[in-house]
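The values are calculated or read from the model by the stated rules, or taken from the named source; none is laboratory data. What you see is a predicted model; the values in this text were computed from it and never measured. For neighbour counting, all protein chains shown are included, and Cβ atoms are generated from backbone atoms with ideal geometry for every residue, glycine included. Quick note on the areas: whole protein, heavy atoms, side chains included, nothing else; ligands and nucleic acids left out. Shrake-Rupley method; radii C 1.70, N 1.55, O 1.52, S 1.80 Å.
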Amino acid sequence: MMLLRSSFRPALRGLALSLCAAFAVQGQLPVLKRSDVVFMYQTARQTYEDYGATVLAWGGKPTPASLEQARGLKFFGSVGMVTEFGRYYERFPQTYEQGLCRGLDGQPYKVPWLTDLQHKGIPFWWCCTRQPLFRQYISERVVETVQAGADGVHIDDHLGTAGNLWNGGCFCDRCVGEFHDYLKTLPAGELARQGIQDPAAFNYRTVLLDWLAQKRGRRVLDHPLWSHWRIYQLQGAARFMEELRALAARTAGHPVPMGANAGLLWGNHLNDFKALDLFSAEIVHQASDRRLSDAPLVAYRLADAVGRPLASTASGWDWAYIKEQNLPGLVQGWIALSYAAGHCLMVPDRQWCYTPEKGTHWYEGPKEKFAPLYQFVRQHRGLFDDYRNYSDLTVVFSSRAFDRNPPRLIAACGELAAANLSYRVALAGDEVVDHPLKAEDLRLSPRLVVLEPQDLSAADRVVLAGETQAQRFPGIKQAIAGIVPAARVKTPAAARVLPRVKPGCAVVHLLNPSYDAAGDSVRPLKDLLLALDLEALGVAGATRAEFFSPGAQPLELPVTDRSVRVPALGLWGLVEIRSPAQSDLRQPPG
Ligand SMILES: [Zn+2]
């Protein structure tokens with residue numbers, strides 16, 4: 001069931017040879033399959049096996065014992081840019097203060113979600129990833145993780161210093177000084193507009209302090225130069241990730257896959273996607289809404305848009321709520337949604353919880369509730385691997401629009417999900433996210449809707465204008481009114497429908513959204529009539545389907561009048577439809 005460690009290592013070495021060109025051009029290694037079962041933290045051998053684990057995403061620095069325990073798993077060792085203050089202090093006990101972030105007042109500041117932690121009486125200060133001493137610390141940690149035998153490196157809090165922009169950010173001498181190099185790249189007209197005569201002598205800390213003092217109630221985020229400061233810090237974070245990726249590869253002597261805790265729904269977190277092979281990240285699941293949220297689907301579609309897999313977990317706030325309210329049934333829905341979207345929720349075996357009142361605490365997930373879902377995926381991996389999202393509609397928006405107001409675009413995509421329109425995202429880049437629109441991305445669906453087009457670059461507008469074949473909709477509501485989805489449930493039962501396709505085959509995932517927190521379970525739906533556009537799904541002429549669901553035997557179902565009748569749906573079911581040629585291939589001779 002699991003990959004053998006000894007077979008994975010040569011595979012990586014093979015990648016070093018066979019993917020050399022691809023590595024140079026695209027920089028991404030194929031690290032996850034759709035059917036992988038990903039653990040966050042190290043655990044007991046038996047627990048790995050109980051879940052069918054194939055990957056460890058946030059492991060510690062490997063030891064012979066932990067490698068043996070995780071035998072057969074791809075082992076990612078985790079390095080934290082924000083969470084390792086104690087370790088950093090022990091590395092540089094005399095000089096650690098050199099590496100601390102500084103606020104406008106020149107004082108260090110704490111990590112807001114680690115305020116309850118101390119090391120030898122010293123608070124967990126936020127450390128600056130522009131400061132040479134802290135960069136040395138992080139670099140050493142990457143090297144030691146690779147040398148200890150990790151297959152890949154996970155970076156927690158990958159934005160480093162830039163992760164605190166929402167709270168004001170770092171104004172240490174190094175951050176202020178290196179801003180000069182960024183300012184020198186701006187056009188003269190922009191510098192003049194900002195009132196900057198000599199970029200090399202510019203001190204943004206002083207400028208901000210003067211500006212704030214001029215009027216009560218001002219916020220640094222509203223200063224006219226803030227957007228440049230933001231770009232500067234996020235670009236710097238991406239460059240550091242590229243350095244770490246190269247360092248890991250040099251250390252190992254072959255490309256080393258990199259993951260990061262990129263909270264895609266918080267905005268800003270795609271800045272370094274080109275230096276990453278996967279996102280193994282905290283994604284807000286809105287647990288306190290006590291229903292299955294459509295928001296994580298946006299994260300999965302953003303990950304698709306940049307061609308990276310997303311092994312997600314919920315936020316510390318979500319897990320605190322699940323623990324407090326004891327709602328593992330809601331988590332079952334998160335697991336099903338993740339695989340239906342073509343990605344995965346990391347096994348909720350032991351989860352970090354956080355609230356300001358309780359600080360850090362932990363949720364131990366009930367294995368009997370979760371393991372059967374992961375085992376279902378492993379037992380039917382052929383229904384997951386190599387499939388891609390079938391999209392009725394491509395939603396085009398820019399990274400700039402998303403980062404400015406993530407909730408607005410998450411809500412727009414949520415309307416599509418609620419209407420059972422399967423969408424994909426074509427993400428246009430900006431100064432932070434190097435991802436220009438490509439014509440082929442716009443041709444994966446026959447229909448387009450462009451959101452907040454004013455934020456698209458001139459080059460992206462040209463690419464978009466060149467796509468004259470696609471049917472266009474002026475907005476989300478018009479798209480919902482004007483599109484008949486390729487897979488839809490015709491009966492009143494409101495199952496969520498997520499079709500996935502590969503040549504000659506379609507797998508339509510059905511999710512039951514009737515979750516009731518009072519009983520912590522879904523109400524079974526009866527007699528669903530699933531209408532299918534067989535041609536659009538690439539399975540023209542199909543006459544048979546098969547229905548798979550966790551805990552039940554597969555069920556043969558006829559395709560009649562371009563429809564499949566599903567007798568009952570619990571949490572999650574998959575309707576597999578094959579084109580006649582594929583069906584023949586599957587049947588034994590005679
Ligand atoms: Zn700094």
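Need the failing condition index for GLN351 against (1) in contact with a Gly (Cβ under 8 Å, 6 or more places away or on another chain); (2) outside any strand (DSSP E or B); (3) closer than 25 Å to TRP266 by Cβ, just the number.
Of (1) in contact with a Gly (Cβ under 8 Å, 6 or more places away or on another chain); (2) outside any strand (DSSP E or B); (3) closer than 25 Å to TRP266 by Cβ, only one is false for GLN351: (2).
Quick one: count up the residues across region 244-259 that are open to solvent by 10 Å² or more (accessible area, probe 1.4 Å) and not hydroxyl-bearing (Ser, Thr, Tyr). If you could, list the steps in order and put the result at the bottom.
Taking region 244-259 as the starting set, the residues that turn out to be open to solvent by 10 Å² or more (accessible area, probe 1.4 Å) are 245-247, 249-255.
When the remaining residues are screened for being not hydroxyl-bearing (Ser, Thr, Tyr), the result is 245-247, 249-250, 252-255.
Residues in region 244-259 being open to solvent by 10 Å² or more (accessible area, probe 1.4 Å) and not hydroxyl-bearing (Ser, Thr, Tyr): 9 in total.
Mind counting the residues in region 504-514 that are modelled with pLDDT of 95 or more and within 26 Å of the chain's Cα centre (by Cα)?
The initial filter retains those residues of region 504-514 that are modelled with pLDDT of 95 or more, namely 504-512.
If we keep only those that are within 26 Å of the chain's Cα centre (by Cα) too, we end up with 506-512.
The number of residues fulfilling the criteria is 7.
Every residue, every condition in (1) touching a residue at least 24 places away in the same chain (Cβ under 8 Å); (2) open to solvent by less than 50 Å² (accessible area, probe 1.4 Å), yes or no:
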position: ALA188; (1), (2): no, no
position: GLN197; (1), (2): no, no
position: PHE202; (1), (2): no, yes
position: THR206; (1), (2): no, no
position: VAL220; (1), (2): yes, yes
position: TRP229; (1), (2): yes, yes
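Testing PRO108 on (1) out of contact with any Cys (no Cβ under 9 Å at 6 or more places or on another chain); (2) within 16 Å of the ligand (Cβ to nearest atom); (3) in a loop (DSSP other than H, G, I, E, B); (4) without any contact (Cβ under 8 Å) to a residue 60 or more places away in the chain, one condition comes back false. Which one is that?
Just one mismatch for PRO108, condition (1).
For region 478-576, which strands (runs of 3 or more DSSP E) that fit wholly inside it have 3 or more residues that are surrounded by fewer than 23 Cβ atoms within 10 Å (Cβ to Cβ)?
Values: elements: 487-489, 496-502, 505-511, 525-532, 544-548, 555-558, 563-569.
Where strands (runs of 3 or more DSSP E) fall fully within region 478-576 and carry at least 3 residues being surrounded by fewer than 23 Cβ atoms within 10 Å (Cβ to Cβ), they are 496-502, 525-532, 544-548, 555-558, 563-569.
Quick one: would you say ALA148 is more than 14 Å from the ligand (Cβ to nearest atom) and modelled with pLDDT under 95? Quick ask: steps written out before the conclusion?
On the way: more than 14 Å from the ligand (Cβ to nearest atom): yes; modelled with pLDDT under 95: no.
When the stated conditions are applied, ALA148 does not pass them.
Failed condition for LEU276, given (1) farther than 19 Å from VAL347 by Cα; (2) open to solvent by 10 Å² or more (accessible area, probe 1.4 Å), with all others met?
Against the list (1) farther than 19 Å from VAL347 by Cα; (2) open to solvent by 10 Å² or more (accessible area, probe 1.4 Å), LEU276 comes up short only on (2).
Which is buried (at least 23 other Cβ atoms within 10 Å of the Cβ) and within 16 Å of the ligand (Cβ to nearest atom), of TRP126, TRP166? So that I can check it myself, show each step before the final result.
Working: TRP166 fails: buried (at least 23 other Cβ atoms within 10 Å of the Cβ).
Selected residue: TRP126, the only one of TRP126, TRP166 that is buried (at least 23 other Cβ atoms within 10 Å of the Cβ) and within 16 Å of the ligand (Cβ to nearest atom).
So the check is Cβ under 7 Å with 6+ separation or different chains; which pairs have a first residue in region 288-306 that's without any contact (Cβ under 8 Å) to a residue 40 or more places away in the chain and part of a helix (DSSP H, G or I) and a second one that's open to solvent by less than 10 Å² (accessible area, probe 1.4 Å) and of a type in the set (Gly, Ala, Ser)?
Taking only residues 6 or more apart or on different chains, the pairs are ALA299/SER312.
When you scan region 208-220, do you find a residue that is assigned to a helix (DSSP H, G or I) and small (Gly, Ala, Ser), even just one? Break it down stepwise before answering.
Kept after step one, since they are assigned to a helix (DSSP H, G or I), are these residues of region 208-220: 208-214, 220.
Pick out the ones that are also small (Gly, Ala, Ser) and you get 213.
Yes.
Could you list, in sequence order, all residues of region 88-103 that are within 12 Å of the ligand (Cβ to nearest atom) and open to solvent by 30 Å² or more (accessible area, probe 1.4 Å)? I'd like the intermediate steps shown before the answer.
First pass over region 88-103, keeping only residues within 12 Å of the ligand (Cβ to nearest atom): 98-103.
Listed by number, the residues that qualify are GLN98, ARG102.
Looking at ALA320, ALA262, which is the one that is open to solvent by less than 10 Å² (accessible area, probe 1.4 Å), touching a residue at least 12 places away in the same chain (Cβ under 8 Å), not β-branched (Val, Ile, Thr) and not in a loop (DSSP other than H, G, I, E, B)? Give the derivation first.
Values: ALA262 fails: not in a loop (DSSP other than H, G, I, E, B).
From the options ALA320, ALA262, the qualifying one is ALA320.
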